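So the structure is just underneath, and the comments pick up after that.
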Amino acid sequence: MDLRNLPSLPHWLIPSSKLRICLTYLWRHGRLPNLRNPKKFTELVQWRKLADRNPQMAPLISKVTAKTYASRLLGDEWIIPTIWTGSSLPSDPDWEFPIILKASHGCNQNIVCHNKSDYHRARKRACTWTSKAYGLWLDEWAYRQIPRGYLVEPYLGDETTLPVDYKIYVFAGTATFVQVHIDRGQRHRWILYNRQWQQLSQFGEIVTPPPTNLARMLSAAERMASAFDFARVDFYEIDGTPKFGEVTFYPGSGLDRFDPPELDLKIGALWLNARDSEFRSDEQSVEAA
């Protein structure tokens, strides 16, 4: 389910961010989040929405500036080329197709266009992406700091199948889990693995082979996310070559359910440990000064 396409809770009717977050979490998880003392990963995402105003987040979740940052940190070979970016889509572009059209200021807003006819239809739909502030109804603060716009890249999948998406969870600079998203165009589902590629979720699913460049992806994710207690860094593997996708600080807006459910608490503990170690590091820096 794409939660970001659902009708928003009216802000004029529910002006409290905390109340909106609690109601949305209750709707998805069947319980209220513990925001005073969050323990679960999904609760910590809600905590971040309310409490984390790190200015370094916005440049990394903008698809335009994140590519610049990744290019500088990882190298140009990790970057999917940019065909075009801007705030108003051209009516008759001269791009080579197929392309993928994305919102540069949000996530889960993209359309594959195999030809110009596809593009003209996509252009009409994409206009809604910039009609209102992204991240508003789910209270994802960092997205609201990014100028609204579009990004066009060459499409790297085949005619019917989107590339496998490798989403790496990084806690205090250590890549710990890989969430593998498969069959995204049809029966989309995801499986969680640890860095040794042991399956941790969706045990009814067949194990997906690890990417050839797993070790390089883990190292790249750690470099991209080293400044944060938690971030998720996404990659693809195209023709045996790793490619940077995006960075997010609100995976699934903290509304996706884990299978098995106990993973929510186990992954949350890693985030809490990372947050505590960051706090201790700051204390030591003050004492040394």
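The values are calculated or read from the model by the stated rules, or taken from the named source; none is laboratory data. This is a predicted model, so every value here is computed, not measured. Cβ sites come from the backbone with ideal geometry, for glycine too, and all protein chains shown count toward neighbours. For accessibility, only protein heavy atoms count, side chains too; no ligands or nucleic acids. Shrake-Rupley method; radii C 1.70, N 1.55, O 1.52, S 1.80 Å.
Using the structure shown, decide if T85 is open to solvent by 40 Å² or more (accessible area, probe 1.4 Å) and touching a Leu at 6+ places or on another chain (Cβ under 6 Å). Yes. Kindly indicate the residue of segment 93-119 that is buried (at least 18 other Cβ atoms within 10 Å of the Cβ) and over 23 Å from D158 (Cβ atoms) and also modelled with the lowest pLDDT among those meeting that condition. This residue is G106.
Taking strands (runs of 3 or more DSSP E) as the structural unit, no element lying wholly within segment 133-199 holds at least 3 residues that are at positive phi and touching a helix residue (DSSP H, G or I) at 6+ places or on another chain (Cβ under 7 Å). In segment 39-82, the residue that is most open to solvent (accessible area, probe 1.4 Å) out of those that are polar (S, T, N, Q) and without any contact (Cβ under 8 Å) to a residue 24 or more places away in the chain is T68.
Restricting segment 120-168 to residues that are β-branched (V, I, T) and either open to solvent by 30 Å² or more (accessible area, probe 1.4 Å) or free of Cβ contacts under 8 Å to residues at least 40 places away in the same chain (or both), the residue that is farthest from C22 (Cα to Cα) is T160.
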